[in-house]
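J.: Once you've had a glance at the structure underneath, I'll fire off some questions.
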Amino acid sequence: MLKQRIITALILAPAAISAIFYLPLNYFAALLMAIIAIGAWEWGPLMGFGTKNRRSIFVIVTSILIALVWAFLSPDDLWLSSKQLQSNAMYLLWLAVVWWLVSAVLMFSYPKYSNFWAKHRSIRGVFGWLTLVPTWLAFVVIRSNNYPDDPYHGAQLLMFLFLMVWSADVGAYFVGKAFGKHKLMPNVSPGKTFEGFLGGVISACILITIAAYQLDWNSEQIITVLLVTVLITTVSVLGDLNESMFKRQAGVKDSGSILPGHGGILDRIDSLTATAPIFALCYVLFGW
């Protein structure tokens with residue numbers, strides 16, 4: 001399984017990096033929309049949809065919602081300046097933050113208060129939209145920052161987000177395997193440990209510090225980005241546990257099988273669905 005995961009990652013990582021850096025902004029937004037549509041297809045079983053027709057309807061509605069956001073918040077006009085985002089985009093990002101706070105409450109109390117949402121597919125569908133649609137917007141917000149002056153600036157920001165999440169994921173995996181003893185949230189994901197979580201945070205901070213020094217950032221910039229890294233790596237666990245909670249409730253092991261060794265698209269982007277909106281907000285509010 002580990003070998004298969006590594007092979008898939010070695011194929012996916014260069015493809016993702018190439019798309020982030022070299023696709024024109026609107027093509028990038030369209031590709032991301034297609035990826036989110038696959039995620040919406042995989043969300044169907046988490047809602048209890050067993051037929052292709054119902055899953056297809058959820059994909060179509062999700063795509064329409066993203067298209068509406070695209071129509072009213074064009075990627076070319078999201079930023080009023082390099083540090084000022086359109087107010088409506090800010091509102092949607094803050095809505096995502098509210099959703100992830102609600103999600104945290106649901107997870108910490110799981111399964112005590114799960115009946116109110118587990119019995120209603122419509123509620124789980126809304127949860128899916130709150131998870132997926134802001135993810136699309138957040139990625140486009142980050143990628144489009146300062147795009148007219150420097151087409152690669154937003155791509156570099158996205159790479160910092162990826163480095164934070166990927167390094168935390170790798171660090172948590174190996175530290176958890178070697179030293180994990182204390183369960184982080186056994187009711188939701190029995191395999192995750194406090195030791196693995198701390199290992200992930202420390203791994204991400206080390207990698208980001210090395211990158212910051214390579215870029216000759218000053219101490220204030222490094223402190224800011226390290227604080228953001230701690231926040232993002234913590235939130236990444238929230239995204240992972242969020243999907244685990246819905247899969248556990250639905251009796252599903254993986255969201256899909258499109259990625260050998262990794263499961264589905266949702267299994268690969270679950271951490272990013274939580275971190276991307278918060279990373280985008282952090283950059284708007286604090287910069288570095």
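Just so it is clear, none of the values below were taken in a lab; they were calculated from the coordinates. Treat the numbers as computed from the prediction; the structure is a model and nothing was measured. Quick reminder, even Gly has a Cβ in these numbers, built from the backbone with ideal geometry, and neighbours come from all protein chains shown.
J.: Among the lysines, which have Cα under 17 Å from the Cα of Lys247 when same-chain residues fewer than 8 positions away are ignored?
T.: Straight-line reach from Lys247, under 17 Å: Lys112, Lys119, Lys192.
J.: Could you compute the net charge surrounding Lys177? Neighbours are other residues with a C-beta less than 12 Å from the C-beta of Lys177; K and R count +1, D and E count -1.
T.: Value of the local net charge: +1.
J.: Oh, and also: I need the peptides 33-39, 217-223 ranked by packing, meaning the mean over residues of other C-beta atoms within 10 angstrom, with the highest value on top.
T.: Numbers: 33-39: 19.0, 217-223: 12.4.
Answer by packing, highest mean first, reads 33-39, 217-223.
J.: Taking 8 Å as the Cα distance limit and 6 or more residues as the minimum spacing, I'd like the relative contact order of segment 2-285 as a percentage.
T.: The value is 24 percent.
J.: Still on this structure, I have one more. For Val126, Val201, which order do you get if you count the other beta carbons within 10 Å of each Cβ and list the fewest first?
T.: The order, fewest Cβ neighbours first, is Val126, Val201.
J.: A further question follows. Given the Cα-Cα distance of Phe174 and Gln156 and 0.36 nm per residue of separation, how much length would full extension add, in nm?
T.: The span from Phe174 to Gln156 would gain 3.8 nm if fully extended.
J.: For the chain, what does the helix formula give at 222 nm: sum of -39500 (n - 2.57) over DSSP H segments with n ≥ 4, over the residue count, nearest 500 deg cm²/dmol?
T.: About -26000 deg cm²/dmol.
J.: Calculate the FRET efficiency for Leu198 and Ala13 from the Cβ-Cβ distance with a Förster distance of 35 Å, rounded to the nearest 0.05.
T.: So the FRET efficiency works out to roughly 0.90.
J.: In what sequence, highest mean first, do 131-139, 156-164 appear when ranked by Cβ atoms within 10 angstrom?
T.: Top to bottom by mean Cβ count within 10 Å: 131-139, 156-164.
J.: Another question, if that's okay. As a footprinting exposure proxy, order Ile20, Ile57, Ile6 by other Cβ within 10 Å, with the fewest listed first.
T.: Going from least to most buried by this count: Ile6, Ile57, Ile20.
J.: Under the Kirkwood approximation for Rh and a Cα-based Rg, what ratio Rg/Rh is obtained for the chain?
T.: Result: Rg/Rh = 0.95.
J.: Given a Förster distance of 51 angstrom, what is the FRET efficiency for Asp76 paired with Lys181, based on the Cβ-Cβ distance and rounded to 0.05?
T.: 0.50
J.: For Val61, Val98, what ranking results if the residue with the fewest other Cβ atoms within 10 Å of its Cβ goes first?
T.: Starting with the residue having the fewest Cβ neighbours, the order is Val98, Val61.
J.: Quick one: if you stick a label point 7 Å off each Cα along the C-beta vector at Glu220 and Asn88, how many nm between them?
T.: Modelled inter-label distance: 3.5 nm.
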